[in-house]
Structures are given as C-alpha cells and as structure tokens.
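Here is the structure we will look at.
The values are calculated or read from the model by the stated rules, or taken from the named source; none is laboratory data. All of these numbers come straight from a predicted model, not from anything done at the bench. Because the Cβ atoms are built from the backbone with ideal geometry, glycine has one as well, and the counts that use them run over all protein chains shown. SASA here: full protein model, heavy atoms, side chains in, ligands and nucleic acids out. Shrake-Rupley method; radii C 1.70, N 1.55, O 1.52, S 1.80 Å.
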Amino acid sequence: MKNIQYIFLSLISLALTSCGVYNFTGAGPINAKTFQVNTFQNNSELIEPGIDRQFTLRLQDLIQNQTNLNLTASNGDLVYEGEIVDYRISPMTATADLKAAQNRLTVSINLRFSNKNKPEENFEKRFSFFYDYPGDQQLTGSQLRTALDEIFERITQDMFNETLAKW
C-alpha cells in the first residue's frame, strides 16, 4: 500500500512540474514590468470621432487583464504606439438593381511595438479586421458600437498574440 502511495505522489509531482510555467492567456514569461500605450491617432481619410481613444483604451484593458504588467504613461518596458490608417465602408454584394446588399466596415491600424529589454523583438506591422452589415442599414448608434467592438476585439487580440503570446 505504501508503494502505491509513493508511485501516486511521484506521478502527481511529475505531472505538475513537467508542464513548466503556464497561464491561460497563452503569454509566456515576460521580461518586463511595465507597458505603455500611446494614443493611436486617427489618420484615416474617413474620420469617425472618438475611435482613437476607444481603441487605445481597449488595448490597455486587454493587456492589463491578461498580464501582470503595470500601465505607465512614460518609460514603459513595452511600448505600443501607432495610428489608425484606414476606416473604410465599402459595398460587398449588390442587388439586381445595383444597390448594395451588404456593406463592409474595415479598420486598419499600424502598430509600432518596442521592447526596451529585448530590442530584437521590436517591429512595425499593420493589423486589420472588418464587420459586414446589411446594405439597407446605416452604420450608426448601437450597430456602429457593435461593429467597432467586434473589430477592436479582434485587432487587439491579434496585437497581444503577436507581441506577448508569440502565436
């Protein structure tokens, strides 16, 4: 009976230590204590007021919620900066009388990421996502909020994965 207990304890300790450090966000060990997210200015041709602040706050919230990094206003170990380079609504499909049956809102954001502790990880990359909606509707109010929420959720998660999760 005592041998079975030793074997059982050995298996449990092996299982717990063999996986190493793991967290449920997918981010590996981070060699940083602070991060900084500068305001992403809206430089697109079509301007939707307030999306620059909305996106910046969304990215800050995601990093704070999925890591133990502290947000700072300056001199962060990790720095996220960039601009909204495209905010575009385009028709996707047409009806028989050449009216838009479906429209697509596309938002593209240019990210410049720098890691003070590992300069080899610095990069600049463009992230983009879209939201499709019926062509007979205007993209205003709650529908606009829903569209931007979906787009920003995807783009911020892609940025997180690229910078911290390394996926």
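Overview of values
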quantity	calculated
Simple label model, 7 Å out from Cα along Cβ direction - Ala94 to Lys125, nm	3.7 nm
Surface accessible to a 1.4 Å probe, Leu62 within the full protein complex, Å²	30 Å²
Whole-Å distance, taken between Cα centres, linking segment 140-157 and segment 94-130	13 Å
Interatomic Cα distance distribution for segment 100-167, bins of 5 angstrom, percent	4, 15, 22, 18, 13, 10, 8, 6, 3, 1, 0
Per residue accessible area in Å² of segment 109-166, where ligands, DNA and RNA are left out and the probe is 1.4 Å	53 Å²
Segment 73-167 - charge dipole about Cα centre, Lys and Arg +1 at Cβ, Asp and Glu -1, debye rounded to 20	80 debye
Solvent-accessible surface ranking, highest first, for Met92, Met159 at 1.4 angstrom	Met92, Met159
Largest to smallest accessible area among Phe35, Phe129 [probe 1.4 Å]	Phe129, Phe35
Net charge contributed by nearby residues that have their C-beta within less than 11 Å of Gln102 (K/R +1, D/E -1)	0
Ratio Rg/Rh, restricted to segment 32-137 and using Cα atoms, in which Rh is the Kirkwood radius	1.12
